[in-house]
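Student: Supplied in structure tokens, the structure appears directly below.
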Amino acid sequence: MIRVENLSKEYGPVRALDDVSFEVGRQQILGFLGPNGAGKSTAMKIITTYLAPTSGKVLVDGIDVTEDPIAVRRRIGYLPETNPLYMDMRVDEYLRFCGQARGLRGEELRRRFDFVVEATRIGHMLKKEINQLSKGFKQRTGLAQALIHDPPVLILDEPTSGLDPLQIIEIRKLIQDLAREKTIIFSTHILSEISSTTNNVIIINQGKAIARGQINELTRDAYRELPVRASLVAPRDAVEAQLQQISGVDHVSVLGESDGQVSVEFRVQGDIGPAQRAVGEAALANGWTVLELGTPEVTLEDVFIAIVQNSDKAKIHDGQPAAAEVTHG
Amino acid sequence: MANIGIIFRREFRAYFDSSIAYIFMIVFLLFTAGIFMSGFFLQGAADMRSFFGNLPLFNLFFLPAVTMRLWAEDKRIGTMELLMTFPMKAHEIVAGKYLAALAFYAISLAGTITLPIMIAAIGNPDLGAIAGGYIGSLLLGAFYLAVGIFVSGLFKDQIAAFVVALMICLFFFFAGMPIVVATTDGWVNGLGSFLENFVGITAHFEDIQRGVLDMRNVLYFLTMTGLFLVLNTLSLEGRKY
């Protein structure tokens, strides 16, 4: 549905996006992850035809954004990072204006209007001026605007920023509901945001796509970097000796020992699964009680930090200068 | 056309949704009609020459205030991204916004219609000249407003848009003044009359105001208006790169 090929964007001497490629299939959600100023918004602005790429290509539903921007705009609902609301308009006026501007008329406009009001649950706010709304309702109005023409593609730039936890959950749920029939790209710098909405992510840092794929795959890579911990009711020396014998296990270190219970930490070369199983079997064979065996919970923060650090290291190895930080207005 | 209408309606309503529109109109009417009336009975002539004669100067301040928000505000509050991702051509949005400003000015100008009615009641004015004056004022306004909307597209800050639009209009205002024309002709022969005929406002406006509707004068205003509207559209398209 959306295809981005070798996309680059320069603002004068600054490279905001550097050779980014990815693809989003129909009815998929793609999470755009990255620190502030990483280039997420720039990429979205190019997909929505607000900006033109310096080089590279973006196809939405097979249409090139630079060749037929108007056809692309018809297919996209866009909620920019700065919610584009006319504060002096009433909610209903604003939504009708956006609907008409996107070509809806008469019965169709009424039908879509009713639908988005229902979906975003702003029915009781329709007669209010937008500047009187709370942040959460403003955000919903912004979402309603992006949905009014029933676009197959939704581009949401930080849709939950500045909302309170309850509002975040609501918006997130709305996005998930919408994903049943729409292709969605949404960006965030809050990691937990992504894992609760989609499994499919791309991580952007300093204009480059540094990782792409399923969150659980990316997490697995981060797990490899982490030590495994075990707590056993067993004699210390025996545990140490047993662990050394298991293939793939090294760097065994004892964390603590008390009341006949020993806590150890070790690293695994290769897959963690078999090594973990071997440790469990060894404990069973020796009649030890296993209190704990496994890696500590990996958060997306760990994943993210691991990937960003790796990419920074790689950059230094390549001898390329790091791109300057870019802020988007 | 439908797209122009949609943008026009929103922008036109935006003028009247805030109190600014009413304040602006009252000030405009008080100022133009008030200054005219203060000299009217002393002068003792049943015409509106001094009224129209002052408009190019007064409008230098009024019209950039009408146009300054047109793009600058959208840039400031973020609705620029909404407008520019509507399935519309840039020139349609420019036209919608511009026509809203022009309609607003036309209504303000129409508010002075009591002046010719009053003059006709107490004297015997040259109605052709007055009609010419109104047509000229509308054309003049069209030109100033086109400069204003173009400049507004370059700024995020409304005050900056106001001041720069005023400066550009002021240039066209001064360029056609007889003293400027005579002086520049003294420096470089022919440059002054070039300014008078192709750049400055004065000669064109005064001809129309006399009731002489020469196509060359009308074309001057329409060309200038078109030029700045095209520049506005180009600057919007160029913003993407």
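No lab work stands behind these numbers, since they all come straight from the coordinates. Please read these numbers as outputs of a predicted model, since none were measured by experiment. Neighbour counts are summed over all protein chains in view; Cβ atoms, including those assigned to glycine, are modelled from backbone coordinates with ideal geometry.
Student: Please get the size of the charge dipole for the protein assembly as shown, origin at its Cα centre, with Cβ charges of +1 on Lys and Arg and -1 on Asp and Glu, quoted in debye to the nearest 20.
Tutor: 1520 debye
Student: Rounded to the nearest 20 Debye, what is the dipole magnitude of chain A about its Cα centre when Lys and Arg each give +1 and Asp and Glu each give -1 at the C-beta?
Tutor: Working: 37 positive and 44 negative charges, 301 e Å.
For this selection, approximately 1440 debye.
Student: Moving on. Using alpha carbon centroids, what distance separates segment B:104-146 and segment B:201-230, in Å?
Tutor: Cα centroid of segment B:104-146 versus Cα centroid of segment B:201-230: 16 Å apart.
Student: Sort A:Arg112, B:Arg216, B:Arg13, A:Arg140 so the one with the fewest other Cβ atoms within 10 Å of its own Cβ comes first.
Tutor: Numbers: A:Arg112 19, B:Arg216 9, B:Arg13 16, A:Arg140 27.
Fewest-to-most Cβ neighbours within 10 Å comes out as B:Arg216, B:Arg13, A:Arg112, A:Arg140.
Student: Among A:Gln244, A:His149, A:Val201, whose Cα lies farthest out toward the positive end of the dipole of chain A, if unit charges sit on the beta carbon of Lys, Arg (+1) and Asp, Glu (-1)?
Tutor: A:His149
Student: Would you mind ranking B:Phe86, B:Phe62, B:Phe150 by Cβ crowding within 10 Å, fewest neighbours first?
Tutor: Going from least to most buried by this count: B:Phe62, B:Phe86, B:Phe150.
Student: Using the structure shown, list the pairs from A:Lys57/B:Lys156; A:Lys135/B:Lys156; A:Lys173/B:Lys89 with a Cα-Cα distance above 32 Å, or answer none.
Tutor: Values: A:Lys57/B:Lys156 30 Å; A:Lys135/B:Lys156 24 Å; A:Lys173/B:Lys89 35 Å.
Beyond 32 Å: A:Lys173/B:Lys89.
Student: Would you mind classifying segment A:227-294 by shape? Square roots of the alpha carbon gyration tensor eigenvalues, ordered a ≥ b ≥ c; an a/c under 1.5 is rounded, otherwise it is prolate if a/b is larger than b/c and oblate if not.
Tutor: Taking the square roots of the gyration eigenvalues as a ≥ b ≥ c, segment A:227-294 is prolate.
Student: Please compute the modelled spin-label separation between B:Asp214 and A:Gln27, points set 7 Å along Cα→Cβ, answer in nm with one decimal.
Tutor: The modelled label-to-label distance comes out at 7.1 nm.
Student: To continue, here is another question. If I model a spin label as a point 7 Å beyond the Cα along the Cα-Cβ vector, how far apart are those points for B:Phe174 and B:Ser19 in nm?
Tutor: Placing both labels 7 Å along Cα→Cβ, they lie 3.7 nm apart.
Student: Once the piece of chain linking A:Leu126 and A:Gln176 is laid out straight, how much longer is it, given 0.36 nm per residue of separation minus the C-alpha distance between them?
Tutor: Between A:Leu126 and A:Gln176, full extension yields 15.6 nm more.
Student: Restricting to the protein assembly as shown, what percent of DSSP beta bridges are antiparallel, rounded to 5?
Tutor: That works out to approximately 70 percent antiparallel.
Student: Here is a further query. Would segment B:88-241 count as rounded, prolate or oblate if I go by the C-alpha gyration tensor, calling it rounded below 1.5 in a/c and otherwise prolate when a/b exceeds b/c, oblate otherwise?
Tutor: Since a/c reaches 1.5 but b/c is at least a/b, the shape of segment B:88-241 is classed as oblate.
Student: Using 1/(1 + (r/R0)^6) with R0 = 35 angstrom and r between the beta carbons of B:Glu237 and A:Phe115, what's the FRET efficiency to the nearest 0.05?
Tutor: Plugging the Cβ-Cβ distance into 1/(1 + (r/R0)^6) gives 0.55.
Student: Specify which residue in the list B:Phe41, B:Asn197, B:Phe58 is farthest towards the positive end of the charge dipole of segment B:2-238, using unit charges on the beta carbon of Lys, Arg (+1) and Asp, Glu (-1), about the Cα centre.
Tutor: The one lying farthest along the dipole's positive direction is B:Phe58.
Student: State whether the protein assembly as shown is rounded, prolate or oblate according to the following rule on the C-alpha gyration tensor (a ≥ b ≥ c being the square roots of its eigenvalues): a/c under 1.5 gives rounded; otherwise a/b larger than b/c gives prolate, and the remaining case gives oblate.
Tutor: In terms of gyration-tensor shape, prolate.
Student: Around B:Ile20, what is the net charge, scoring Lys/Arg as +1 and Asp/Glu as -1 over all other residues with Cβ under 12 Å from its Cβ? All intermediate terms of the calculation are to be shown ahead of the outcome.
Tutor: On the way: positive: B:Arg69; negative: A:Asp88, B:Asp17, B:Glu73.
With Lys, Arg at +1 and Asp, Glu at -1, the net is -2.
Student: Now, a different point. Once both labels are modelled 7 Å past Cα along the beta-carbon direction, what's the A:Glu292-B:Leu42 spacing in nm?
Tutor: 9.6 nm
Student: Rounded to the nearest 0.05, what FRET efficiency is calculated for A:Ala285 and A:Ile169 with R0 set to 30 Å and r the Cβ-Cβ distance?
Tutor: The formula returns an efficiency of 0.05 here.
Student: Still on this structure, please answer the following. Gap in Å between the Cα centre of segment A:50-74 and the Cα centre of segment A:210-269?
Tutor: Measuring centre to centre over Cα atoms gives 50 Å.
Student: For segment A:227-294, with only Lys/Arg (+1) and Asp/Glu (-1) charged at the beta-carbon, what is the dipole magnitude about the Cα centre, in debye rounded to 20? Each step should come with its number before you reach the end.
Tutor: Working: 4 positive and 9 negative charges, 24 e Å.
Using Cβ point charges on Lys, Arg, Asp and Glu, segment A:227-294 gives about 120 debye.
Student: Net charge near A:Leu104: determine it from the other residues with C-beta under 10 Å of the C-beta of A:Leu104, scoring Lys and Arg +1 and Asp and Glu -1.
Tutor: +3
Student: Give me the angle, in degrees from 0 to 90, between the Cα long axis of helix A:300-318 and the longest principal axis of the Cα atoms of chain A, rounded to the nearest 10.
Tutor: 90 degrees
Student: Ranked by Cβ crowding within 10 angstrom, fewest neighbours first, how are A:Trp288, B:Trp187, B:Trp71 ordered?
Tutor: By the 10 Å Cβ count, ascending: B:Trp187, A:Trp288, B:Trp71.
Student: Counting only other residues whose beta carbon sits under 14 Å from that of B:Ile119, what net charge do I get with K and R as +1, D and E as -1?
Tutor: -1
Student: A follow-up question, please. For chain A, what is the percent of antiparallel DSSP beta bridges, rounded to the nearest 5?
Tutor: Just about 70 percent of them are antiparallel.
Student: Other chains near A:99-109: what is the mean number of their Cβ atoms within 10 Å of each residue's Cβ?
Tutor: 3
Student: Could I ask something else about it? Cβ neighbours within 10 Å, averaged per peptide: list A:242-251, B:91-100, B:153-162 in order, most packed at the top. Could you put the intermediate results ahead of the total?
Tutor: Numbers: A:242-251: 14.6, B:91-100: 22.7, B:153-162: 18.4.
My ranking of the peptides, most packed first, is B:91-100, B:153-162, A:242-251.
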